[in-house]
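The values are calculated or read from the model by the stated rules, or taken from the named source; none is laboratory data. In this text the structure is predicted, and so the values were computed from the model without any measurement. Cβ sites come from the backbone with ideal geometry, for glycine too, and all protein chains shown count toward neighbours.
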Amino acid sequence: MQFTAGDFAALLGVRELPRACAALAAGRDFSYERPVGAARERIVRQVREHIDSDKPTRVGQHRADIWESCWQENLDKFVRAGFDAEKLVPDFFKPEQPMRLQQDYVLPRNRKLGLDIAGRHFDFFQPDRALTLPGDSGVLTMAALEQVGARHAPFLEYLLRANPRICVNMEPLAELYDTAKLADDLALRYHRKRGYLDGFLTALRELAAKRRIEILDVRRFFFGSLYHEAYSYVAWRPLLEV
Ligand SMILES: C[S@@+](CC[C@H](N)C(=O)[O-])C[C@H]1O[C@@H](n2cnc3c(N)ncnc32)[C@H](O)[C@@H]1O
């Protein structure tokens, strides 16, 4: 099956993709297969066994050194390979694995992924208050705030104080799973086992009720990795206290 520019637009909840994105979607192989019967059962069994095993590690502050060494390893590989951009793709992308799409599992035909990465140090647990944001700033987190579990208050407080124009958090949002669906139920179990972002959307909704922020959009994209949907999003903006 092909995943077309129109499918991307529907998934993202927009009428059509901007021209550059549509060209990207048309120019690459985004075709996939939908496993059925025994093939699908094998995947479900594997996911269940993984969740029930001691392999999924819990995320949190204790893992700061692990992230530091993982990224250092990536950097070393990149330099050793003569600055080959392919080596920037982190090891947690597992192109050989099935992925999730529209609350079920799929097998992408083209297993190659591309990424551009740039960064600076910022700790969600201890945000650097000296880091001020210009008035028209936007803040985007992507599958990273997930790592703080229930300890999102320091970052939220930082954002309320820093007052960016918009914040977009593309993160696994536990509140959005529909546990009546098998693939969602397994994703939420995995989410809880790893200790991913907990109560963040609820906290934002409480702030919105108090008129401290405005929630602009909440959406799930109905796609993700074998184990969960890391790229749901909430878009919001702080409201100045009057
Ligand atoms: C699953 S990776 C996602 C990386 C990247 N955003 C992506 O989408 O490919 C999780 C990221 O969270 C970052 N991270 C973990 N704990 C953090 C913390 N306390 N403050 C800021 N970033 C953190 C890690 O360094 C890592 O880059």
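Hey, PHE92 hits all of (1) touching a residue at least 60 places away in the same chain (Cβ under 8 Å); (2) of a type outside the set (Val, Ile, Thr); (3) exposed (fewer than 11 other Cβ atoms within 10 Å of the Cβ) but one; which does it fall short on?
The single condition PHE92 does not satisfy is (1).
Would you call PRO172 within 14 Å of the ligand (Cβ to nearest atom) and in contact with a Gly (Cβ under 9 Å, 6 or more places away or on another chain)? Walk me through it before giving the result.
Values: within 14 Å of the ligand (Cβ to nearest atom): yes; in contact with a Gly (Cβ under 9 Å, 6 or more places away or on another chain): yes.
So PRO172 fits the description; yes.
Take the residues in segment 46-80 that are of a type in the set (Lys, Arg) and surrounded by 11 or more Cβ atoms within 10 Å (Cβ to Cβ); name whichever of them is nearest to the ligand (Cβ to nearest atom).
First pass over segment 46-80, keeping only residues of a type in the set (Lys, Arg): 48, 55, 58, 63, 77, 80.
When the remaining residues are screened for being surrounded by 11 or more Cβ atoms within 10 Å (Cβ to Cβ), the result is 48, 58, 63, 77.
Values: ARG48: 22, ARG58: 12, ARG63: 7, LYS77: 16 Å.
Taking the candidates together, the pick is ARG63.
How about segment 68-91: which of its residues are out of contact with any helix residue (DSSP H, G or I) (no Cβ under 8 Å at 6 or more places or on another chain) and aromatic (Phe, Trp, Tyr)?
TRP71, PHE83
Starting from segment 128-142, keep only residues that are farther than 17 Å from ARG237 by Cα and at pLDDT 95 or above, then list their pairs with residues that are aliphatic (A, V, I, L, M) and part of a loop (DSSP other than H, G, I, E, B) whose Cβ atoms are within a distance under 8 Å, requiring at least 6 positions of separation or different chains.
Pairs found: none.
Take PHE124 and decide whether it is loosely packed, with under 13 Cβ neighbours inside 10 Å and either within 12 Å of the ligand (Cβ to nearest atom) or free of Cβ contacts under 8 Å to residues at least 60 places away in the same chain (or both).
Values: loosely packed, with under 13 Cβ neighbours inside 10 Å: no; either within 12 Å of the ligand (Cβ to nearest atom) or free of Cβ contacts under 8 Å to residues at least 60 places away in the same chain (or both): yes.
When the stated conditions are applied, PHE124 does not pass them.
Exactly one of (1) of a type in the set (Lys, Arg); (2) under 20 Å from PRO56 (Cα atoms); (3) assigned to a helix (DSSP H, G or I) is unmet by ARG151. Its number?
The single condition ARG151 does not satisfy is (3).
Is it fair to say ALA81 is small (Gly, Ala, Ser) and more than 16 Å from the chain's Cα centre (by Cα)?
Details: small (Gly, Ala, Ser): yes; more than 16 Å from the chain's Cα centre (by Cα): yes.
Answer is yes for this residue.
Just give me the residues in segment 139-150 being more than 8 Å from the ligand (Cβ to nearest atom) and within 16 Å of ASP128 (Cα to Cα), in sequence order.
Step one: filter segment 139-150 for residues more than 8 Å from the ligand (Cβ to nearest atom), giving 139-140, 149-150.
Correct list: VAL139 only.
I'm trying to understand the selection: among the residues of segment 134-145, which are under 19 Å from LEU207 (Cα atoms) and either in a helix (DSSP H, G or I) or charged (D, E, K, R) (or both)?
LEU145
Please name all residue pairs, on different chains or six or more residues apart, with Cβ atoms under 7 Å, provided the first residue is in segment 19-37 and is within 11 Å of PHE8 (Cα to Cα) and the second residue is assigned to a helix (DSSP H, G or I).
Within 7 Å, the pairs are ALA22/ALA5; ALA25/ALA5; ALA25/PHE8; ALA26/ALA5.
Give segment 158-209 a look and list any residue that's touching a residue at least 12 places away in the same chain (Cβ under 8 Å), more than 17 Å from the chain's Cα centre (by Cα), over 24 Å from GLN46 (Cα atoms) and assigned to a helix (DSSP H, G or I), or say none.
TYR158, LEU159, LEU160, ARG161, ALA162, THR202, ALA203, LEU204, LEU207, ALA208
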